[in-house]
Amino acid sequence: MMLDLAFIGFGNVARRFVGMMDEKARLLKSRYGFACRTVAICTRRHGAVINPGGLDAARAVEIVESGGSLDMLSGERTSVLAPCGLRAVDGLKKAAPSALEQGRLVVIETTVLDVRNGEPATGHVRAALESGAHVVTANKAPVAFAYGELRGLATRQNRMFLFEGAVMDGIPVFNLWRETLPAITVTGFRGVVNSTTNHVLDRMEAGASFFEALAEMQGAGIAEADPSLDVDGWDAAAKAAALINVLMNGNVTPLSIARTGIAGIDTARVRAVRARGRRLRLVARGERRESVIVGSVAPIELPGDDLLAGLEGTRNGLIIDTDLLGSVAVLQLDSGLTQTAYALLTDLLHLHGALCGGRPRALAAED
Ligand SMILES: NC(=O)c1ccc[n+]([C@@H]2O[C@H](COP(=O)([O-])OP(=O)(O)OC[C@H]3O[C@@H](n4cnc5c(N)ncnc54)[C@H](OP(=O)(O)O)[C@@H]3O)[C@@H](O)[C@H]2O)c1
């Protein structure tokens, strides 16, 4: 089955994903019988286009990376849309009704996160599911703000809503739980899930000031565009909310996570903790207290031999407490755009496998 992809957001992650799909096209075809084409791309400042017969996605990457407008992708059946995710979904309903009806259209949502309300991403996901599209996203917002609603909508529409990239990039967290831990009850979790703050704390241990360390992360393109999202704990709170909603069947938003960031911490305190053989880490938690699930993000002094204390630099880790397996840990030792783009690829393959009547199944062991 050929899947039609519509991108809402065509930034760093989406463009790396296009490159990865190209690099892996042969393997995906021979191993999984997977094929897809791009039918729509919507950005905020680089225009938006749709062509139900297929667009040249590699050319779109070149245009956006050189600062051009997607209007340059002109061709037969290519229409220019308003640069707005919701208008793009309307455009899909008019231009690609059969792909929507047949359940072949997948919206890839990778716009930015507004941590106060989860928009515009949550609205994009809602509109896409209502229109009959499946949704794959690397955005934390929809699952952190509206998981229950969107899961219910997807079920009613007989469509899939997948979001592996929302926490720890492509490292399987949601897939691990959904695919390999049947009948498990998650009783809690704790994790270091924000790379910027972990690196900043490491550099402060080595003597750097908070601002020097943060500037390094911005220079490396790892800190969010607005660094307060990282240092004030918003990014970790959004991830904690996503984990609570999915793994613990909770109903929280980032606003209901008790949140303390690392902005007020000085180098002397970080070094004093280290001198005592302990380490300061920004820890995201979810725990069940009687019938209530409580989420928090805060800098915690951890014993030096704690698994989370040993995570250096941009490494992330999550310890999931379960009723039948005890505690299970997932570590992310490498992070970056490729890892996030891979999350989109795994979700898409999972979706393809489900549409083809099962799990993402290898057709052949060899490429
Ligand atoms: N970068 C990472 O390593 C990473 C890791 C994990 C998760 N994520 C998540 O993945 C998502 C994408 O990240 P990114 O690094 O690719 O971001 P990015 O480079 O800033 O790209 C965001 C894209 O969204 C578009 N956009 C913003 N608002 C829009 C709207 N209302 N309608 C249509 N398009 C809109 C932007 O268009 P313009 O460029 O035209 O403004 C841009 O194409 C974010 O939610 C991020 O939190 C990223």
All but one of (1) within 12 Å of the ligand (Cβ to nearest atom); (2) surrounded by 20 or more Cβ atoms within 10 Å (Cβ to Cβ); (3) at negative phi; (4) not polar (S, T, N, Q) hold for Val135; which doesn't? (1)
Residues of the range 153-197 being away from the ligand (no atom under 16 Å from the Cβ), of a type in the set (Phe, Trp, Tyr) and not in a helix (DSSP H, G or I), which ones? Phe189
Check the range 83-106 and report whether any residue there is over 19 Å from Phe161 (Cα atoms), touching a helix residue (DSSP H, G or I) at 6+ places or on another chain (Cβ under 6 Å) and not β-branched (Val, Ile, Thr). no
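Yes/no per residue for (1) among the aromatic types (Phe, Trp, Tyr); (2) surrounded by 13 or more Cβ atoms within 10 Å (Cβ to Cβ); (3) without any contact (Cβ under 8 Å) to a residue 60 or more places away in the chain:
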residue: Met21; (1), (2), (3): no, yes, no
residue: Phe34; (1), (2), (3): yes, yes, no
residue: Val39; (1), (2), (3): no, yes, no
residue: Cys42; (1), (2), (3): no, yes, yes
residue: Gly47; (1), (2), (3): no, yes, yes
residue: Asn51; (1), (2), (3): no, yes, yes
residue: Gly54; (1), (2), (3): no, yes, yes
residue: Thr78; (1), (2), (3): no, yes, yes
Can you go through Gly221, Gly207 and tell me which one is within 16 Å of the ligand (Cβ to nearest atom), surrounded by fewer than 24 Cβ atoms within 10 Å (Cβ to Cβ) and in a loop (DSSP other than H, G, I, E, B)? Gly221
Condition check: under 24 Å from the mean Cα position of the chain (by Cα) and under 21 Å from Leu355 (Cα atoms). Does Thr110 satisfy that? no
How many residues does the range 2-17 hold that are under 19 Å from Val125 (Cα atoms), surrounded by fewer than 19 Cβ atoms within 10 Å (Cβ to Cβ) and more than 9 Å from the ligand (Cβ to nearest atom)? 0
Options Gly188, Gly170, Gly250, Gly264; residue that is free of Cβ contacts under 8 Å to residues at least 60 places away in the same chain and farther than 19 Å from Arg279 by Cα: Gly250
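Kindly indicate whether Thr322 is β-branched (Val, Ile, Thr), closer than 30 Å to Gln102 by Cβ and more than 11 Å from the ligand (Cβ to nearest atom).
no
Read-outs: derived from the displayed coordinates by stated rules, not from any lab. Keep in mind that what you see is a predicted model, and the values were worked out from it rather than measured. So basically every Cβ, Gly included, is an ideal-geometry build from the backbone, and we count neighbours across all protein chains shown.
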